1. Give the residues of the stretch 14-36 that are in contact with a helix residue (DSSP H, G or I) (Cβ under 7 Å, 6 or more places away or on another chain) and closer than 17 Å to GLU49 by Cβ, sorted by residue number.
2. Quick one: which helices (runs of 4 or more DSSP H) sit completely within the stretch 4-70 and have at least 3 residues that are crowded, with 19+ Cβ neighbours inside 10 Å?
3. Taking only pairs six or more apart or across chains, which ones have beta-carbon atoms under 8 Å, a first residue in the stretch 105-120 that is farther than 17 Å from GLU94 by Cβ and touching a residue at least 12 places away in the same chain (Cβ under 8 Å), and a second residue that is of a type in the set (A, V, I, L, M) and outside any loop (DSSP other than H, G, I, E, B)?
4. Tell me yes or no: at least one residue of the stretch 121-137 is in a loop (DSSP other than H, G, I, E, B), closer than 30 Å to GLU13 by Cβ and at pLDDT below 95.
5. Can you list residue pairs whose Cβ atoms sit under 7 Å apart, with the first residue in the stretch 132-150 being loosely packed, with under 14 Cβ neighbours inside 10 Å and the second being not small (Gly, Ala, Ser)? Count only pairs 6 or more apart in sequence or on different chains.
6. VAL98: modelled with pLDDT of 95 or more and either surrounded by 19 or more Cβ atoms within 10 Å (Cβ to Cβ) or not in a helix (DSSP H, G or I) (or both), yes or no?
7. Say whether the condition of being in contact with a Gly (Cβ under 7 Å, 6 or more places away or on another chain) and either β-branched (Val, Ile, Thr) or under 19 Å from TYR24 (Cα atoms) (or both) is met by at least one residue in the stretch 62-77.
8. Does any residue of the stretch 65-88 turn out to be among the hydroxyl-bearing types (Ser, Thr, Tyr), free of Cβ contacts under 8 Å to residues at least 60 places away in the same chain, farther than 30 Å from CYS120 by Cα and touching a helix residue (DSSP H, G or I) at 6+ places or on another chain (Cβ under 9 Å)?
Amino acid sequence: MLLNEILSKYPKEEEYLIEILLEYQTSKKNHYISSEDVARISKHLGIPESQICSVISFYTMLSMTPKGRYVVQVCHDVPCFVNDIVSIYDKLVEVLGVKDGETTADNLFTLEITECLGCCNDAPAMRINDQVYTGLTPAKVEQIIKDLRGEVK
């Protein structure tokens, strides 16, 4: 969805900033907000660009750096940690060939370590874009990545 379309859905009020940023970033294949986007949002809402950049840098789900088509977030909170999220992360590093904060050369996957995904009863867990996966094993993770790669053809 284009930024103008998203902006037209919201009143020109600061309280809608996070909703606008989330919706716009989610609508983009590379999951980020450029400095040009910030300038347009700033003008629309009548707030300083620096304020928008502060919000983006504060919330880990927002980014001013391009990411892969699939953002793989691995929960590293206590329940996942004690249920061996380390082996899940290690499998992702092996399969994707990137580490935390990196994007694959084909711009398909970005790997991130994150805090609680709210799936403590079914740990270990990860989220890929809007889909949450729980009860993970290294074999399940490998299959999920294979399936996503096959879907892109």
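1. GLU14, LEU17, ILE18, ILE20, LEU21, TYR24, TYR32, ILE33
2. Filter on the stretch 4-70 gives 17-27, 35-45.
3. From residues that are farther than 17 Å from GLU94 by Cβ and touching a residue at least 12 places away in the same chain (Cβ under 8 Å), the pairs are THR114/VAL74; LEU117/MET126; LEU117/VAL132; CYS119/VAL132.
4. Within the stretch 121-137, one or more residues are in a loop (DSSP other than H, G, I, E, B), closer than 30 Å to GLU13 by Cβ and at pLDDT below 95.
5. If the second residue must be not small (Gly, Ala, Ser), the pairs left are GLY135/ASP122.
6. Yes, satisfied.
7. Within the stretch 62-77 (the criterion being in contact with a Gly (Cβ under 7 Å, 6 or more places away or on another chain) and either β-branched (Val, Ile, Thr) or under 19 Å from TYR24 (Cα atoms) (or both)), the answer is no, since none of the residues qualifies.
8. No, the stretch 65-88 contains no residue that is among the hydroxyl-bearing types (Ser, Thr, Tyr), free of Cβ contacts under 8 Å to residues at least 60 places away in the same chain, farther than 30 Å from CYS120 by Cα and touching a helix residue (DSSP H, G or I) at 6+ places or on another chain (Cβ under 9 Å).
The values are calculated or read from the model by the stated rules, or taken from the named source; none is laboratory data. Quick caveat, the model's predicted, so the values are computed rather than measured. A quick note on method: Cβ atoms are made from the backbone with ideal geometry, for glycine too, and the neighbour counts reach across all protein chains shown.
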